[in-house]
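Undergrad: My structure is below; once you've seen it, I'll send some questions.
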Amino acid sequence: MPIRHRCVTRASAFGLALALAAAPAARADTLRVGPRHELKTPSAAARVARDGDVVEIEPGQRVVAMRNVTANEPQFTGHFPGRPIMPGVLLVESLAQAGAVAVLSFPANRGKLVLFAGIDECRFRRIVVPGDTLRLEITVEKLGRVSGRARAVATVDGEVAVEATLSFIMPRDQDIAGGRLAGG
């Protein structure tokens, strides 16, 4: 029986999220959204947290964040020499982090661990380069007790750069953040 690409993508993203959450040496950066909301992320992936600001938020429903893309970011040294282009995976990660802010801002989810579980219908429409300012807009379509889905769109000067539907989970075993996997 052939493996469907969508299933492989979901499994890979989920595995990466588990690995990042379980890494004991990962230092966390914190994105503060007003006086009551924050998002902790491993420092190597802190795209919104390090270089962006949340400009609009409707807790549990919608968030708009801005992210300035600068030439001194490490990915531009090799992607590509002489023509720096923002890697697509980092664009999607920026959307996922902005989505986590929307989910964690909902009162019932404060302090929980949110893991990126899947990506569907992802399309890259425009190259993003140093000097661009990304507008990351996330609209939560479904928010349950342990999972959800959101529509994510990143634009530059009103032009769509990437759009996708993102899936996430909030594990019942919240100890995963301390490096202990359920049953392990």
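Undergrad: Divide the volume of the convex hull of the Cα atoms of the stretch 49-178 by its number of residues and quote the answer in cubic angstrom per residue.
TA: Convex hull of Cα atoms, per residue: 111 Å³.
Undergrad: Turning to a different aspect of this structure: Efficiency by 1/(1 + (r/R0)^6): what FRET value for Phe80 and Glu56, r their Cβ-Cβ distance, R0 = 30 Å, to the nearest 0.05?
TA: 0.35
Values quoted throughout were computed directly from the atomic coordinates according to the rules given, and no laboratory measurement underlies them. Quantities reported herein were computed from a predicted structural model and do not represent experimental measurements. Please note: Cβ atoms are built from the backbone with ideal geometry, for glycine as well, and neighbour counts cover all protein chains shown.
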